[in-house]
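Encoded as structure tokens, the structure appears first; notes follow it.
The values are calculated or read from the model by the stated rules, or taken from the named source; none is laboratory data. In this text the structure is predicted, and so the values were computed from the model without any measurement. In this analysis, Cβ positions are derived from the backbone assuming ideal geometry, glycine residues included, and neighbour counts consider all displayed protein chains. Surface accessibility is based on the protein's heavy atoms, side chains included, excluding ligands, DNA and RNA. Shrake-Rupley method; radii C 1.70, N 1.55, O 1.52, S 1.80 Å.
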Amino acid sequence: MSTHTEAGDREAIVVYAALLWQRGLVAGNSGNISMRLDDGTLLVTPTGISLRALAPHEIVRTDARGLALAGEGRPTSEVPLHVAAYAVRPEIRCVVHTHPTYCVAWSKTGALFPRDTVGAIESLGSIAWTRYARSGTTELAEICSHAFARPVDTIVMERHGLSSVGHDLETAFVRTDLAEQTARIEYAAFALRAANDRAMSDSRLPLPYDELHAAATDDAARAALADFQGEYGSATPNSVTLHAHAERVRGFAAVAGPFERWWLDPRVQAFVSELNATGL
């Protein structure tokens, strides 16, 4: 027999609503939570009230269709989304819908953020991206229900937010929190890679290729120069390959001297050292 009570579930919703606010997963009066009771009715956060300071009595009880029962207030306008999730996932007890900044930003790219960190691999679980539909509409509810039915536990909704389902609020909250952390990490990694690429590109002293090519006396020397230039000028030069090509060029007496003077220039060596440091 279930040990859940309506009063206890109302208190739990209040606790997790505050956690969502504290973690920056909602802002203003955005975001909503629901729980399904043993009799099939729902407890749903109200419309127009911030989750940061929600009171148990403000939570709205609805029937299974999301219609407020007599004497209750107005549930969130996103209640069709919650009802649709319960309809295709009879085993879940709660739905958490939020607007986390980095997840929403990634949603606008038309694809999910990478999920190759240890936390994402071990704990995030199944996740999907869904196309845009207006908030609170039947269309949105249907789009999300198809994803939840796969089954997927977390949905990144284009230009909108994040929805997670679970057997309990703790599970749905953790999935929400971890999804945003993963999106934030991947955004930072993307920015760092872009900054590193710019820095490496800006610090690259051009090889005097035309001069060296004119000085080369045979096809083998010219081929060695071309291989070096191809690797050095690539977007992501490999340090080991670059050193190997440099050794080849040094083996040709006609170009060894001028190549060596360029290679030992502090700006070139700084760039090569940077390659070694980044592992490229």
>> Could you derive backbone 3J(HN,Hα) for segment 94-108 from the dihedral phi with the Karplus parameters 6.51, -1.76 and 1.60 (θ = phi - 60°), listing whole Hz in sequence and x where the residue is Gly or Pro?
In response: 8, 10, 10, 10, 9, 10, x, 4, 6, 5, 5, 4, 5, 4, 6
> So what J values fall out for segment 44-57 if you push phi through Karplus, 6.51 cos²θ - 1.76 cosθ + 1.60 with θ = phi - 60°, rounded to Hz, Gly and Pro as x?
Replying inline: 10, 5, x, 6, x, 10, 5, 6, 5, 9, 7, 9, x, 6
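Roll a 1.4 Å probe over the protein chains and send me the accessible area per residue for the chain in Å². Show your work: numbers first, answer last.
On the way: 13590 Å² over 280 residues.
Accessible area per residue, the chain: 49 Å².
Give me the percent of accessible area attributable to carbon and sulfur for the chain, probe 1.4 angstrom. Each step should come with its number before you reach the end.
On the way: 7430 of 13590 Å².
The value for the chain is 55 percent carbon and sulfur by accessible area.
Would you work out the charge dipole size for the chain about its Cα centre, treating the Cβ of every Lys and Arg as +1 and the Cβ of every Asp and Glu as -1, and quote it to the nearest 20 debye? Intermediate results must be reported in sequence, preceding the final value.
Details: 25 positive and 33 negative charges, 101 e Å.
The calculated dipole for the chain is roughly 480 debye.
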> Looking at (1) 1.28; (2) 0.96; (3) 1.04, which value of Rg/Rh (Cα atoms, Kirkwood Rh) comes from a calculation on the structure shown?
Replying inline: (1)
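In percent, what relative contact order does the chain have, based on Cα pairs under 8 Å that are 6 or more apart in sequence? It would help to have the intermediate numbers written out before the result.
Working: 438 pairs, mean separation 40.6, N = 280.
Relative contact order of the chain: 15 percent.
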